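The block underneath contains the structure these notes are about, expressed in structure tokens.
The values are calculated or read from the model by the stated rules, or taken from the named source; none is laboratory data. Owing to the predicted nature of the structure, the values given are computational and were not obtained by experimental measurement. Quick reminder, even Gly has a Cβ in these numbers, built from the backbone with ideal geometry, and neighbours come from all protein chains shown. Remember, those area values only see protein heavy atoms, side chains included, never the ligands or the DNA or RNA. Shrake-Rupley method; radii C 1.70, N 1.55, O 1.52, S 1.80 Å.
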Amino acid sequence: LASAIASQARGTVALTFVSVILLISSLTLNPSSSSAQDTIPRITDPTHIGGYGEMVYYDPNGTTPGQLDLSRIVIFLSHQFSDRWSFKSELETEHVKVEVSDPGGEFEIEQAFLDFHVSDALNFRGGLYLIPSGIINQTHEPTTFFSVGRPHVDEEVIPTTWREIGAGLFGDLGEYFKYQAYFGEGLSAAGYDETGIYEGRQEGKQSNPTNPSISAKIDYLPTPGLRFGASIYYQTNTASALQTQTDSGASTPVAFTSPLSVIAFDGQYDHGALHVRGEYAMDAIGNALQLSATLSRAIPSKVTGGYLDVGYNVIPLFCSSSDVEVIPFVRYEMLQHNFDATQGGNQSRNYVIAGVACRPTDGVIIKANYEFCSQSQFAVNENEFMTKGLLSIGLGYAF
Amino acid sequence: LRHFKLGILSIIATIVSCGSLFAQTVPEKADAAMRRVFPDAASYNLFTVGIDSAVTAHLYARTGQVVRGRVMIRQALNAKGKPIGFGITDDVKGKEQPITYITLIKPDGSIADVEILLYREAYGGEIQHEGFRKQFRGEKASSDIRLGHDIQSIAGATISSRAITNGARKLVTLFDELHKEGKF
């Protein structure tokens, strides 16, 4: 049945692809686009370079040594071919350098896609795109959030930066709603581990599209300062590439499927000096026990998490003409991994984070925060420490 | 199931075709904005104004932003040939790409509307929505047209909100400076 669904899905994807290409070609034959000739100091160069980056210092409580790092340096490169066609990309280096003998660093293409604009209500996108899930996955510049590190939810539940090769549609639904919907390559359960689905991402690298994912998000903006988002990601089977050894020693595809659903909700409220935002997300991993047996490691059946941030810019209290922002903030965050009882049952962690973010000018942010975790065993992660308390200091920019 | 697929595809085809039929170029959209905001005008025209170094310096002192060269201004005229509205088009930089917009200004120097003519960014097109734009109406060069002050940001779209807010402040102040110089 799984293979029947897969071949059906492949057929649909192929047919849709061909039709979209035909439609776009027919539109391009009669383009109504032209550049405005009548604007003042116009930014005429259609190619744009930008970037963002984060420099961090982590000082864990206790005897564990601290760590300095350039977590990421990213270069945007985008090009506007016409009023309808554009290309956007992000090239990222994580942890300063990539060297075969020194694992940890990464150089990667984080996004690279072509957009075709039909109208505000309808745009097509194809390429390596970001999955619409929560807030941070699609908007992750360090100047947009207050903490030095990204929220834990946006790593262990929504595997940020989560990208796939695929295609989809996005646009406005009237004045108050926005939508995005994509077909993508999907995850591969072969990479799942104790933290969940993070290492299951194929990231567009010679990926296996046997079981494509569907993802969609709706944003509701009742007034300028308020936004709510709801998103879903679904894949019929993430285990199609897994093999088991038979008694005779031969490898055969596993007999079970592992569907995946990721549901996320987010909200943001900005009014004057007050900034509130939160995310909640849940991964439901099908047949986690059978996956655990095949992969010889414990795979959670469910991973959930959420946080609420409250920040307030105090500068207007002292000087209303200043554009500098100094924002003390607090965050409460919870994470839970549900394992089978034989694997230790449920594990939950709660974090309280307090700190200050300062934006001295547009595009620059200086941050410091202290994080307290209710459990000393943080997840297995290169950026986290086996400690209950962690001081973090960061510099970030985006231009 | 095949009929279902064909149905979906024909719906997409219809949407795409309609979208392309109604799509306008940037100058056409700017003209349409003038007609929408100043519908009582008897005629509309377009003229250019040179920006001298004094205007550039005053504008920089008041807004921290720079305009040089020539500005093309749309004008809505009544039956007697008296201007009842102006429109200035411009680009501001969003996160990665320019955002093309028009600021429509009444003869008293107050903003009648701000309209986005072309948005090219991957995310954040919400600045086109009425709820954000209506905050600019009635604002003048002397108002506090800054994000978090007279203008509230769109949650989740701060960069483009700030870009268009700074742009509107620049153009309404430029209008004020040109008006003082007696350019129109």
Other-chain or far-sequence residues with amide H under 5 Å of A:Trp162's (modelled H): A:Ile131
Using the Cα gyration tensor of the stretch A:140-215, with a ≥ b ≥ c the square roots of its eigenvalues, what is the shape: rounded (a/c below 1.5), prolate (a/b larger than b/c) or oblate (neither)? oblate
Ordered by residue, what ³J(HN,Hα) values in Hz, to whole numbers, does the stretch B:81-90 give under the Karplus form 6.51 cos²θ - 1.76 cosθ + 1.60, where θ = phi - 60° and Gly and Pro are x? x, 8, x, 10, x, 10, x, 10, 9, 6
Do you know the relative contact order of chain A, to the nearest whole percent, from alpha carbon pairs under 8 angstrom that are 6+ apart? 13 percent
In square angstrom, rounded to the nearest 10, how much accessible surface does A:Ser86 have for a 1.4 Å probe? 10 Å²
Long-range amide H partners of A:Gln202 with built H, under 5 Å: A:Ser188
Hits among lysines - C-alpha to C-alpha of B:Lys80 under 22 Å, sequence gap 8 or more where chains match: B:Lys106, B:Lys183
How high is the relative contact order of chain B, in percent, counting Cα pairs under 8 Å that sit 6 or more residues apart? 17 percent
Let a ≥ b ≥ c be the square roots of the eigenvalues of the Cα gyration tensor of the stretch B:47-184; is it rounded (a/c under 1.5), or, if not, prolate (a/b larger than b/c) or oblate? prolate
Taking a spot 7 Å from the Cα of A:Leu274 along the direction of its beta carbon, which residues of the stretch A:115-146 have an amide N less than 15 Å from it? none
What's the whole-number percent of alpha carbon pairs in the stretch A:68-217 lying beyond 23 angstrom? 41 percent
Using Cα-Cα distances under 8 Å and only pairs 6 or more residues apart, what relative contact order does the stretch A:93-157 have, in percent? 17 percent
Please compute, for the alpha-carbon atoms of the stretch A:59-139, the extent along each of the three principal axes and give them in descending order in Å. 58, 29, 15
The stretch A:170-234: GluC sites (Glu not before Pro) in DSSP coil with no more than 12 other Cβ atoms inside 10 Å: A:Glu175
Neighbour count of at most 15 Cβ within 10 Å plus DSSP loop: longest trypsin sites (Lys or Arg not before Pro)-free window in chain A: A:98-204
Suppose each label sits 7 Å from its Cα in the direction of the beta carbon; what would the B:His58-B:Lys80 distance come out to in nanometres? 2.6 nm
Counting only other chains, and only Cβ atoms inside 10 Å, what mean value do you get across the residues of A:116-124? 5
For the protein assembly as shown, rounded, prolate or oblate, judged on the Cα gyration tensor with a ≥ b ≥ c (square roots of eigenvalues), a/c < 1.5 rounded, else prolate if a/b > b/c? oblate
Under 5 Å, built H, 5+ apart or other chain: amide partners of B:Ile154: B:Ser161
Inter-label distance, nm, simple model (7 Å from Cα along the C-beta direction), A:Ile109/B:Thr48: 4.2 nm
Could you give each residue of the stretch A:193-204 its phi-based ³J(HN,Hα) in whole Hz, using Karplus coefficients 6.51, -1.76, 1.60 with θ = phi - 60°, and x for Gly or Pro? 9, 4, 7, x, 8, 3, 7, x, 5, 8, 6, x
Enumerate the calculated ³J(HN,Hα) couplings along the stretch A:243-254 in order (Karplus 6.51 cos²θ - 1.76 cosθ + 1.60, θ = phi - 60°), each rounded to whole Hz, writing x wherever the residue is Gly or Pro. 10, 10, 8, 8, 4, 7, x, 7, 9, 10, x, 4
So, taking all protein chains as they sit and a 1.4 Å probe, how much accessible area belongs to A:Asp283, in Å² rounded to tens? 0 Å²
